[in-house]
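Asker: Sharing a structure below in structure tokens format, with a few things to ask.
Read-outs: derived from the displayed coordinates by stated rules, not from any lab. Since the model is a prediction, treat every value here as computed from it, not as a measurement. Here the Cβ positions follow ideal geometry from the backbone for every residue, glycine too, while neighbour counts run over all protein chains shown.
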Amino acid sequence: MTIDIQPKPVSASSVQHHVYKVFPNDLNAHYTVFGGLVMSLCDRVALVVSERHSGKVCVTASVDSFHFVAPAKDGDTLLISAAVNRTWSSSMEIGVRVDAENSFSGESKHIVSAYFTFVALGPDNKPCEIAEIEPQSEAEIRRYNGAQVRRDARLRTRENLKNMK
Ligand SMILES: CC(C)(COP(=O)(O)OP(=O)(O)OC[C@H]1O[C@@H](n2cnc3c(N)ncnc32)[C@H](O)[C@@H]1OP(=O)(O)O)[C@@H](O)C(=O)NCCC(=O)NCCS
């Protein structure tokens, strides 16, 4: 079997505007969309991006941040977009953005931004090497640089916690 680990562009795996129509059973007690549902949708879309990029089975290793910046409501259409921000040896950061659209007026608002880390697994279920990502646009390069800052902070925090008494 040939292993394809040539660098890949962000566009080869990204998902743009995956739609999810909100119905009443998606709401919390405040009648806005239940946050856990949005987290699950984001995790699924990000998983698809990670598996497209790596060509491997991937698992969610961590979520660095998940910001709910505005609520969505019954009848809104959620538009979920996700892309690889950066890759390392076996792991990759996937950035996810969710907008809520009123499909009658066409108005949309940003509701969520999140960063997931996925790890690709080989047939032995151990982390395995993946293709690098080649950022091209200005926004892709900005996200690529930001991902390294987030990874460094995560590793630093892990190290500090390990050394705590
Ligand atoms: C994620 C997992 C595969 C890592 O396995 P591991 O044996 O600890 O792997 P390693 O320590 O060799 O690290 C492998 C890579 O994962 C990354 N990683 C491990 N834990 C991580 C974490 N908590 N957050 C971010 N990245 C992590 C490492 O940085 C490393 O990245 P690199 O290869 O790109 O440098 C393993 O912890 C696991 O299977 N976790 C459960 C995943 C799961 O079930 N997800 C669904 C959640 S419900």
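Asker: I need the full set of residues from region 91-109 which are farther than 14 Å from residue 52 by Cα and small (Gly, Ala, Ser), in order please. Walk me through it before giving the result.
Answerer: So in region 91-109, the residues farther than 14 Å from residue 52 by Cα come out as 95-109.
Selection gives 95, 100, 103, 105, 106, 108.
Asker: Is it true that some residue in region 114-121 is touching a residue at least 40 places away in the same chain (Cβ under 8 Å) and more than 16 Å from the ligand (Cβ to nearest atom)?
Answerer: Filtering region 114-121 down to residues touching a residue at least 40 places away in the same chain (Cβ under 8 Å) leaves 114-121.
Retained after the next criterion (residues that are more than 16 Å from the ligand (Cβ to nearest atom)): none.
No, region 114-121 contains no residue that is touching a residue at least 40 places away in the same chain (Cβ under 8 Å) and more than 16 Å from the ligand (Cβ to nearest atom).
Asker: Does region 50-69 hold any residues that are more than 21 Å from residue 125 (Cβ to Cβ), surrounded by 15 or more Cβ atoms within 10 Å (Cβ to Cβ) and more than 11 Å from the ligand (Cβ to nearest atom), and which are they?
Answerer: Correct list: 66, 68.
Asker: Scan region 21-80 for residues that are basic (Lys, Arg) and either more than 16 Å from the chain's Cα centre (by Cα) or assigned to a loop (DSSP other than H, G, I, E, B) (or both) and jot them down.
Answerer: Across region 21-80, the qualifying residues are 21, 56, 73.
Asker: Pick from 46, 100: which is within 16 Å of the ligand (Cβ to nearest atom), within 26 Å of residue 33 (Cβ to Cβ), out of contact with any helix residue (DSSP H, G or I) (no Cβ under 8 Å at 6 or more places or on another chain) and small (Gly, Ala, Ser)?
Answerer: That would be 46, the only listed residue that is within 16 Å of the ligand (Cβ to nearest atom), within 26 Å of residue 33 (Cβ to Cβ), out of contact with any helix residue (DSSP H, G or I) (no Cβ under 8 Å at 6 or more places or on another chain) and small (Gly, Ala, Ser).
Asker: Restricting attention to region 141-151, which residues are within 11 Å of the ligand (Cβ to nearest atom) and of a type outside the set (Lys, Arg)?
Answerer: none
Asker: I need a count of the residues in region 122-140 that are within 16 Å of residue 96 (Cα to Cα) and either within 15 Å of the ligand (Cβ to nearest atom) or without any contact (Cβ under 8 Å) to a residue 12 or more places away in the chain (or both).
Answerer: Count: 1.
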